[in-house]
Amino acid sequence: MQPLSGKPAKSPTGELLLLAAERAIRYVDAANQRAVAPTRKDLAALSGFHEPLPTGPCGPAEVLQQLDTMGSPATVTTTGGRYFGFVNGGMVPAALAASWLAAAWNQNVALRVMSPAAAELEDVVLRWICEALELPSDCAGGLVTCATMANFTALVAARHGLLQRAGWNVTEDGMFGAPPIEVVVGAEVHASISKALSMAGFGRKRVTLVEADGQGRMRADRLPRLSERTIVCIQAGNVNTGAFDPAPEICRAAKEQGAWVHVDGAFGLWVRTSPKYAHLARGFENADSWSTDAHKWPNAGYDSGIVLARDGAALRASLGVNAAYLEPGTRREPMYHTPEASRRARGVELWATLKSLGRSGLCELIERTCAHAQRFSAGLRAAGFEVLNDVAANQALVSFGSPEVTREVIRRIQEEGTCWCGGTVWQGKTAMRISVSSWATTRADVEASLEAMVRIARECKSVSTTA
């Protein structure tokens, strides 16, 4: 908005923001030219941050300069196209720009009256996500920090819904003396579900593990007896193999007994936006709650967890709060759908991501990254290395021989810096995990990374053979 008298002079804050923009642009533009992991020298420079608490103020420009000079070199270049760790995506340009604007807005999205714009954007993105993933349009939902928190939120809603059916109000009376709830998970359950179960009071050990097949899928024919007080947690996308639990069979068995099915879909649910890969996630729409993470495949940046629940009343009842100074309106209030009250307007970046990509952009992103994963698989197999999984989506597991050799290859790849991949142990075998999730990854990135992997692996194998 222009003032009445001409163009305004830039304020000190405006000058600082321009300086920050210059530094940020320089960082982003150089992402593909730098090593993915920081050097030892860069890491050693972080010691400069360890100083006594300053006795007085420091100029904002000096603060920014120190942050950029010491901090930027010591970051991992997840914004580039050659980071394949932890199923982490990058950040599409629209999301990055929207994040800057959202920070300038500095909105608290607890109640709609605190930020009408941010609350409205949450309403929009939750509807868009249901449309994109072809989930029930009347789901209630919330935006949280990550998939772990989304799983936790869904599980407390499930706890409330099942105990309410049994005549117990867990919100008022707690878990002491409540009718018992059984929890069923697959043998390859993700750690975020285990953590969420622990936080929700179910414990990590007091669950029934169901046998998994060779790809990590829960075996539906091994399900235990279910009841109306059972929560079944299923996976849309195993974190190692990318495999999907057989949702049609599991959901059918659960519905017959009145059990609640929760989907841990941190990244895999997004295949439902692609006609080519949607069959992998067939039947997941029949669950009762879902969690996913938009910082993974949609590339919305952090933090961007999403929880959806078919039973909106259970979600709101388990997360409601009352205080004299809180006056909810008649429309959806964000804080009644998440564990947090005060929180940043994370829906702004998510809206920008989905708006910029659209349905076709999401589809193209999924299909392109899956094709990259298949290229890694084919190239590594052709070079004589063992790919341990069926590369059905964007995950590939490779063994370079003995556990010692495989671990050394991973270490050398990370240190060399062309790309970054992490390690894992899959059904007793040490492996390197390649997770292709970034919008920025190109064919050239894949070929350069593949060349580095094969070269380093052959060097390590040669040393191992002659030792």
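For the stretch 39-78, what does the convex hull of the Cα positions come to per residue, in cubic angstrom?
69
Can you compute the modelled spin-label distance between Ser198 and Leu64, with each label point 7 Å from Cα toward Cβ, in nm?
4.1
Which Rg and Dmax, in Å, describe the Cα atoms of the stretch 343-396?
16.2, 50
Any aspartates and glutamates with Cα under 20 Å of the Lys41 Cα? List them, leaving off those in the same chain fewer than 8 positions away.
Qualifying aspartates and glutamates at Cα under 20 Å: Glu51, Asp68, Glu415, Glu416.
Can you work out the base-10 log of I(q)/I(0) for the stretch 1-137 at q = 0.12, 0.14, 0.17 1/Å, using the Debye formula on its C-alpha atoms alone?
Values, matching the q order: -0.79, -1.00, -1.20.
Is the stretch 63-126 best put as rounded, prolate or oblate by its Cα gyration tensor, with a ≥ b ≥ c the root eigenvalues, rounded for a/c under 1.5, and otherwise prolate when a/b is larger than b/c, oblate when not?
The shape class here is oblate.
To one decimal place, what orientation-averaged projected area in nm² is obtained for the convex hull of the Cα set of the stretch 250-317?
Averaged projected hull area, Cα only: 5.3 nm².
Convex hull over the Cα atoms of the stretch 77-226, averaged projected area in nm²?
Value for the stretch 77-226: 13.0 nm².
Provide the percentage of antiparallel DSSP beta bridges, counting only those with both residues in the chain; round to the nearest 5.
Expressed as a percentage, antiparallel bridges in the chain total about 60.
So what is the relative contact order for the chain, in percent, with contacts set as C-alpha pairs under 8 Å and at least six apart?
Result for the chain is 21 percent.
Assuming 0.36 nm per residue, please report the length gained on full extension of the stretch Ser402 to Ala30 beyond their Cα-Cα distance.
Answer, rounded to one decimal: 130.3 nm.
Could you work out the local net charge near Ala278, counting Lys and Arg as +1, Asp and Glu as -1, over the other residues with Cβ closer than 10 Å to its Cβ?
Here the charged neighbours net out to +2.
How are the alpha carbon pair distances in the stretch 184-316 distributed across 10 Å bins from zero to the largest one, expressed in percent?
Pair shares across the bins are 13, 45, 36, 6, 0.
So for each of 66-78, 305-317 I average, over its residues, the number of other beta carbons within 10 Å; can you give me the resulting order with the highest mean first?
Listed from highest to lowest mean packing, they are 305-317, 66-78.
Quick one: plug the Kirkwood hydrodynamic radius of the stretch 293-443 (C-alpha pairs) into Stokes-Einstein at 10 °C, 1.306 mPa s, and report D in µm²/s.
Rounded, D is 85 µm²/s.
So what's the projected area for the chain, the Cα convex hull averaged over all directions, in nm²?
Result: a mean projected hull area of 27.1 nm².
Just so you know, all these numbers are worked out from the coordinates, no wet-lab data involved. Predicted model only: the values in this text are computed from it and were never measured. Counting neighbours? That spans all protein chains shown, and the Cβs are built from the backbone with ideal geometry, glycine included.
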